[in-house]
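The values are calculated or read from the model by the stated rules, or taken from the named source; none is laboratory data. Computed from a predicted structure; not experimentally measured. Virtual Cβ from ideal backbone geometry, glycine too; neighbours counted across all protein chains shown. Surface accessibility is based on the protein's heavy atoms, side chains included, excluding ligands, DNA and RNA. Shrake-Rupley method; radii C 1.70, N 1.55, O 1.52, S 1.80 Å.
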Amino acid sequence: MAKSGVTYVNPPSAPPPQGMYSHVARMQPGEIAFIAGQVAIDAKGNPIGVGDFAAQVGPVFENLGKILGDLGTDFEGVVQFTTFMTSADYIPIWMKERSALFPRLFLAASIHPTRCW
């Protein structure tokens with residue numbers, strides 16, 4: 001898989017994003033992969049952070065990073081995430097963890113702050 005090829009855009013005709021996202025993720029033609037949902041487990045399949053949603057976020061993204069690496073890419077090549085939570089009560093925790101985690105995963109966004117996720 002190509003290392004990247006994703007361009008994030010907030011077109012001038014669109015209203016401002018109302019969160020940490022861009023209105024458009026545009027992908028160059030090429031290979032595309034869909035990764036199945038991941039849960040917080042270690043390499044042997046043992047659960048991590050049972051009952052602690054915040055403790056589960058990091059291991060999920062570590063597992064995603066390993067899968068992306070096996071595909072020859074990294075988070076810079078990701079076009080979309082779909083996040084599933086078992087309770088809306090977890091949304092504030094997710095937003096806090098995401099705010100801390102994504103700048104480390106998406107380095108171009110850290111270097112170019114106009115890029116959003």
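Summary table below
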read-out	value
Test: residue in the stretch 23-34 that is assigned to a strand (DSSP E or B) and open to solvent by 90 Å² or more (accessible area, probe 1.4 Å)	yes
Residue in the stretch 53-60 that is open to solvent by less than 50 Å² (accessible area, probe 1.4 Å), in contact (Cβ under 8 Å) with a residue 24 or more places away in the chain and farther than 22 Å from Tyr90 by Cα present	no
Filtered residues of the stretch 3-19 (kept if more than 17 Å from the chain's Cα centre (by Cα) and either open to solvent by 70 Å² or more (accessible area, probe 1.4 Å) or at pLDDT below 80 (or both))	Pro12, Ser13, Pro15, Pro16, Gln18
Counted residues, the stretch 61-93 - those being in a helix (DSSP H, G or I) and without any contact (Cβ under 8 Å) to a residue 40 or more places away in the chain	14
Criterion (modelled with pLDDT under 95 and surrounded by 12 or more Cβ atoms within 10 Å (Cβ to Cβ)) met by exactly one of Asp70, Asp74	Asp74
